[in-house]
1. If residue 479 passes every condition in (1) under 30 Å from residue 15 (Cβ atoms); (2) surrounded by fewer than 18 Cβ atoms within 10 Å (Cβ to Cβ) but one, which one does it miss?
2. From the list 549, 528, 579, which residue is closer than 22 Å to residue 623 by Cα and either in the same structural domain as residue 11 (by TED's automatic domain parsing) or touching a residue at least 60 places away in the same chain (Cβ under 8 Å) (or both)?
3. Looking at the stretch 308-361 only, could you name the residues that are buried (at least 18 other Cβ atoms within 10 Å of the Cβ) and assigned to a loop (DSSP other than H, G, I, E, B)?
4. What number of residues within the stretch 234-258 are of a type in the set (A, V, I, L, M, F, W, C) and modelled with pLDDT of 75 or more?
5. If we scan the stretch 426-436, do we find a residue that is β-branched (Val, Ile, Thr), out of contact with any Leu (no Cβ under 6 Å at 6 or more places or on another chain) and over 19 Å from residue 481 (Cα atoms)?
6. Within the stretch 580-590, can one find any residue that is buried (at least 19 other Cβ atoms within 10 Å of the Cβ) and under 14 Å from residue 508 (Cα atoms)?
7. In the stretch 4-36, how many are over 18 Å from residue 544 (Cβ atoms), without any contact (Cβ under 8 Å) to a residue 12 or more places away in the chain and of a type outside the set (Gly, Ala, Ser)?
8. Being under 27 Å from residue 589 (Cβ atoms), modelled with pLDDT of 75 or more and not small (Gly, Ala, Ser): is that true of residue 48 here?
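The values are calculated or read from the model by the stated rules, or taken from the named source; none is laboratory data. Keep in mind it's a predicted model, so treat the numbers as computed, not measured. Reconstructed Cβ throughout: ideal geometry from the backbone, glycine too, with neighbour counts over all protein chains shown.
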Amino acid sequence: MIVLNKRQINIIDFLQNSSEWITIENIAKVFDVSVRTIRNDLDCIKTLLKDCDAKLERKPKVGVKLIIKKGESIDHILKGYKNKLYSPEERALMIALILMIKGNATIEELSEYIEVSKNTLVNDLKLTEVKLREFDISISKKSYHGTFIEENNDEKLGDAFLKLYSRLSEGQGKEIYKWLYKYSNINEEYIKTIIEAVEEEKSIQYTEESLEELEIIILFTLSRVLNNQEVKLDMNADNESSEFKILRNIIEKEIDEKIHNDKIEYLLKIFKGAKIAKDFNLNKEEKINKITSEVLSELCIMLNIEVDSDAEFIRQMQLHLEIAIYRVENNLVINNPLLEEIKYKMSFIYGITEEILSKKKDVIGVEFPEAEIAYMAMYFGTIFEKYAKGNFGANVLVVCNGGLATSSLLKSRMNLMIPEIQIQSICRLKDVDDYLNEEIDFIVSTVPLQIEDYKVIQVNPLLESGDSQKIKSEIYSIWYEKNCKYLADKVKNENESDLTKIILEKYAQFEQSIEDWREAIEIAAKPLIRDKKIEKAYVNDSIRVIETLGNYMMFIPEIAFVHATPENVIENAVSILNLKSPIDFGSKNRSTVKTIVVLANKEENKNLINLTNILIKDDNIKKFKNAKSYEDLKSIV
């Protein structure tokens, strides 16, 4: 049987997400190993895939490509590997959680659970101690008793358990989930009954994400009670509330055992901090009303919008803020699985959100972490898209030589299949010049056509499915571009308006002939690595982001603003690479790129905002893309 290591699994994921041929040299760069290592990895992968509906093709001087039948994936093949091949970091997480659930375990038991040797387990325990020390929790070892948790405060243990559990991979999470049910011997339906009873009493419905968190913490808490690991909590239990009585009665009825009041109070704390999908109560506290009002007022001023009449949306935001503030105040876990995607794809609205929440920190009473800022950015993004006073749609000119019947049918189908489209005019090929104007964003044509400065999408006169998808993709690109320009203008920084202050001469390269987009990113970033502005890993991170999320950074045609998370940024800096000829960029929705801008931001993302505000003036975009020397950049004002 072939056993893959973690890097080999990641290589399969990487190839599965790419629709193009990738050279072995580029794969080696992404994973920061030698070409020889990658060749050996690919041999193992090819052997594994022999009996599958997938094939690894390798072509000399072309590269490698994973061929999978349309609509299928090979995730089911990798599932078993992903669940078991853990790094030392991941194993330490598992050990910490198992010890919290069981209370104690021998080296033999732990090595069997984690499926590693005793020697490996001993080393993993050292890392486990480091992880638990983060929460002021210690572990000890005793002969005949094994390794055990020394903590005597269940609230601290519960909070630490949730935080560590939130760091698990999907496969690890399933393992611990099974462990909790196995060790507590509690029926799954019983846990659902507890949650539904609280929902009914409070006239609310929890989100799916919260239901999972509540299930996990109830299981963890009750497993400790049932296995005589319960310890005193430092809390003043309010045993008069209806939720308290419901929780205690339903729990004690099922487990047939008395439970400390403070244990119930701890569970109530978790329930109170759980995110709510629906709230059937009408009134909110005056404090929350005031916070929501001030935050929204600041946003409305900044974006020039009005939302006073949207009572339902304001109510949703009040509910979210109330729970978010409670979670921060009580040091509860705040996870946002879309955090990185929001920071990349909604970078401007994320920046606005961060600025507003920072300004209103005294009013809110807490400082929101990144995950919560990202959630609020989603609310702000919704408001902006609904109420912003600007035309963000795509204005389209349709060129059709087929006569009135053909053009009428084409227009009808476009309006039906793409309702968001704004068709400015329909004309014959010979009359195109008469209909072109600065409001036209792109052209849809039934005949071959090339016009400078305009993108042309050629379609079948009967508008087939693939045609509508190409048009929708372009409409989204136009919408995204106009959104970003509008938001950049709203958050512009008047103190930094000189392009040469943003891009130093030593970080600018021009007239380079490169065909591969990954290589182009590497060359664009070289000056920043040389001057120790970024680590080499920042380039690999940037490429991976594009492979995973697509061309999120192309909100100005033919310019790619490349960036990644700040871990490998040493100091804020920007570099530029102007190519001699445009290239195909990205591996998902490929785009044409003439200029690559590498943004390295350790802290604030002001470089992107300042640069965008310079480029959207007059014909600066064209000057920027066509610059052949630093002197050309200096002329852009």
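1. Exception for residue 479: condition (1).
2. When all the criteria are applied, what remains is 579.
3. 332, 333, 334, 336, 346 - these are the residues of the stretch 308-361 that are buried (at least 18 other Cβ atoms within 10 Å of the Cβ) and assigned to a loop (DSSP other than H, G, I, E, B).
4. The number of residues fulfilling the criteria is 5.
5. Yes, the stretch 426-436 contains at least one residue that is β-branched (Val, Ile, Thr), out of contact with any Leu (no Cβ under 6 Å at 6 or more places or on another chain) and over 19 Å from residue 481 (Cα atoms).
6. Looking through the stretch 580-590, none of the residues is buried (at least 19 other Cβ atoms within 10 Å of the Cβ) and under 14 Å from residue 508 (Cα atoms).
7. Adding up the residues that qualify gives 2.
8. So residue 48 fails the test.
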